[in-house]
Amino acid sequence: MLTLADIEHEAVAALLAAYGLRLERVADGAPIPGSYWGGCEAGLVGSTVYARGDTPLHSLLHEAGHLIVLPPERRACVHTDATDSVEEEDAVCVLQALLGDALPGVGRERILADMDSWGYTFRLGSARAYFDRDADAAWAWLQARGLVELPSRELVPPPGA
């Protein structure tokens, strides 16, 4: 599983900054603030994503995705649990793979594979199958928020990028 320590921290920080977010690196072994799952999983507090070197990159991108889809005024209220919306959760699963494409040497294929390794479950049996054949509502949800272009299924560059 690809972790934050495996890639350039600065590349991830720059990607998040393009969306108005901040990446805060937590010391190895220290608890991660705002982590829903605990352990090495990424955390959220306000517009900050917290992660350690052993944090899986897919986890970091998933949590960042929750903040990206929120307007800035709602981000300020987030602590640990970003949503109870099934639609948002489904859309963020697509968005995290697209964010993987924006990182050098990562790509959506690696993020989707790591999602499967972590234990995400989808009706069609894999994250790739969900992304390709079962996520029409998620794609539409992201498009309605100006985050993806359809039918190309590409990420819209963040404002100012």
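Details
- For the chain, the mean residue ellipticity at 222 nm estimated from helices alone is -11500 deg cm²/dmol, where every DSSP H run of n ≥ 4 contributes -39500 (n - 2.57) and the total is divided by all residues, rounded to the nearest 500.
- Once Cα extents along the principal axes in Å is calculated for the structure shown, the corresponding label among (1) 39, 36, 27; (2) 41, 34, 30; (3) 57, 32, 25 turns out to be (2).
- The packing ranking of peptides 52-59, 40-47, highest mean first, is 52-59, 40-47, where packing means the average number of other beta carbon atoms within 10 angstrom of each residue.
- Of 73, 24, 63, the one that fluctuates the most in a GNM where the chain has Cα springs shorter than 10 Å: 73
- Around residue 52: net Lys/Arg minus Asp/Glu count, Cβ-Cβ under 11 Å: -3
- Estimated FRET transfer efficiency (residue 36, residue 133; beta-carbon r; R0 35 Å; 0.05): 0.80
Quick note: the coordinates plus some simple rules give every number you see, no bench work behind them. Since this is a predicted model, take the numbers as computed values, not measurements. All Cβ positions, even for glycine, are placed from backbone atoms using ideal geometry, and neighbour counts span all protein chains on display.
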